[in-house]
DNA sequence: GCCTCTGGATTTTTT
DNA sequence: ATCCAGAGGC
């Protein structure tokens, strides 16, 4: 092995500050990295450099990323650069890393290593139950707001005792009481919420110095990406782990901080320089991603924020085309504009569908886009929507699995006990809960008491019979789980509870069953694990995935994504839609200048995702919920320098009284074909579609003066509008 | 105990 | 427009 060669390879092609960032391997380092400045590249090279040049074993390196996807990609990249085994490298999100530590050290902390992770959905049901138990009306105290108050408290490292002592309002008083109950319910369910995963690690390190020392010795080098979006708890964990060696490198960009609502705290970057006065600060300001025009537009948008340090971004890239700002009539036309412009780009400038992304502020906006894309037959990839793991059928099955792994999990138990219907209803559940509470046991243990007939009054023979049957079922599944792999267990559950039959007759049963199949596919990848381990690895994966983690770059699909999710990604062509007052900036930020600046950063993040083409679209009217109303163009449009924008000036009544530039090119809405030519198909016909290939027409029905066809293609079933989807009859 | 109907609320972003 | 919770009927 020639270290000299390796070193040269790892540094070649890096600019001066990038090189400095890679070579500065000891002590605290703060890298302030503008968008597109090769940040990911620097981190990957730095890790590889540590391994190959400095000779640090991968097991002594810890790197934290924002998403699992980023972790996967980073690992692959480092493996390529370091040309060796990186299996011992610790690389993941804070949550994933903390979960691993907690499973390892559960005994020390006095919790069961079988703990389950509760997501917001589970969290909400525990809060509802807590409210019920202390006789509070969920109407008056919305569980979601209580949940976020509790989460905020946890992010400030306040346990319920601390919180109860520091309450300053009636609402906080209530939150404190719910918090206490909530936390006790979690404990008895042997469950942790997302915040607990982090807090328990801090607690572990605080109370067990020998454990902390172990990790401090192991992790000689620590790196954290997206540092601007970490919260105080995460900062504390990093500080603890890197406490001995002090080789801590954090990378971030204050201008891209968009998670303050999740308690991310920009002060972490400022605190960093205070806590580590000897920190070396490196600025990455050369942008390799975007055209000069896009970069300049981004810079002048972000410049409007008061609370920031100025930064000089520059690029050697060409100027490129102007930013195109378009006003459409409504959200339908907005979607049509995007779809037709995507088509035009594909035809005229060698851009693939996969190079295009549509970004929006709220998930609800994806709907109009989806509908139009379906009509056009434009293939798209929606990141999120209703998240897969939040679908009812998926949650049902996951609850069965979670319950098998940890029968103390009362949220899961209460969810599955009557799915499919077994005659154990509300009344019985009340009784069950009170019995459990009275005896000081879990609900699962209470079930055994009832089924064995030791419960006494309050039970009927019918109830005892139903409960005995359920208890037998769970016993059977639990012992099955100890012998068989995850896939066999999954199939056994479906089979034993008759889930397919249960779904039949539900609305949207086909799609639901399809989701079950998809979940089975996920389970399949864990089939080679030993019985119980497969189960727990699967559940952990499921609990900690995010939607972006599953985003694949499919060359022939347009990406639909929220601005938040788009962070860290890049696309040759970007459409930012819904640039209207109330949407972007969102109405919730109107009365808080700090929030308003965050909205602007969000817009900035969107702009800087674009490499070559940037479109900014707003609609004149947009329907929300029931009614439609006129919208005002976003004040942020006024931050775009006129000379970079293509369009004719048009003044609007924007709240900031800026001039808005609108590109008045007429939108060419495709005209539907006359009906006679449309209805040339009938059900059962074989047809061909440009993108999807051959398929069979499953059904046809009139729709808004057009026809909607459901066509089964190989692998997928699509709904298409006949006038737009260029279907050809085959045979 | 379960199903169906109606009225009310509901949309910000997510590990 | 759609989803959810509570009320009332079977």
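Just so you know, all these numbers are worked out from the coordinates, no wet-lab data involved. Only a predicted model underlies this, so the values are computations on that prediction, with no experimental measurement involved. Every residue, glycine as well, gets a Cβ built from its backbone with ideal geometry; the counts of neighbours run over all protein chains shown.
DSSP beta bridges confined to chain A are antiparallel in about 40 percent of cases.
Per-residue packing, averaged as other Cβ atoms within 10 Å, sorts the ranges A:534-545, A:459-470 into the order A:534-545, A:459-470, beginning with the highest. Cβ crowding within 10 Å ranks A:631, A:260 as A:260, A:631, fewest other Cβ atoms first. Across the stretch A:473-547, the relative contact order, built from alpha-carbon pairs under 8 Å that are at least six residues apart, equals 40 percent.
From most to least packed by mean Cβ count within 10 Å, the peptides A:250-258, A:140-148 give A:250-258, A:140-148. Annotation: peptides A:526-533, A:692-699, ranked by per-residue average of other Cβ atoms within 10 Å with the highest first, follow the order A:692-699, A:526-533.
Hey, how many Å between the Cα centroid of the stretch A:346-423 and the Cα centroid of the stretch A:96-118? Between the Cα centre of the stretch A:346-423 and that of the stretch A:96-118, the gap is 28 Å.
Estimated at 0.36 nm per residue, the fully extended path between residue A:100 and residue A:570 surpasses their Cα-Cα distance by 166.1 nm. Full extension of the segment from residue A:318 to residue A:514, taken as 0.36 nm per residue of separation minus the current Cα-Cα distance, would add 65.9 nm.
A Förster distance of 45 Å, applied to the separation of the beta-carbon atoms of residue A:171 and residue A:54, puts the FRET efficiency at 0.30. Entry note, chain A: relative contact order of 15 percent, from Cα contacts under 8 Å with a spacing of 6+ residues.
Measuring r between the beta carbons of residue A:300 and residue A:461 and using R0 = 56 Å, the FRET efficiency lands at 0.15. Extension gain, residue A:85 to residue A:26, is 18.9 nm, computed as 0.36 nm per intervening residue step minus the present C-alpha separation. Rounded to the nearest 500, the 222 nm mean residue ellipticity of chain A from helices alone is -14000 deg cm²/dmol, with -39,500 (n - 2.57) taken per DSSP H run of at least 4 residues.
Applying 1/(1 + (r/R0)^6) with r as the Cβ-Cβ distance of residue A:710 and residue A:621 and R0 = 41 angstrom yields a FRET efficiency of 0.85.
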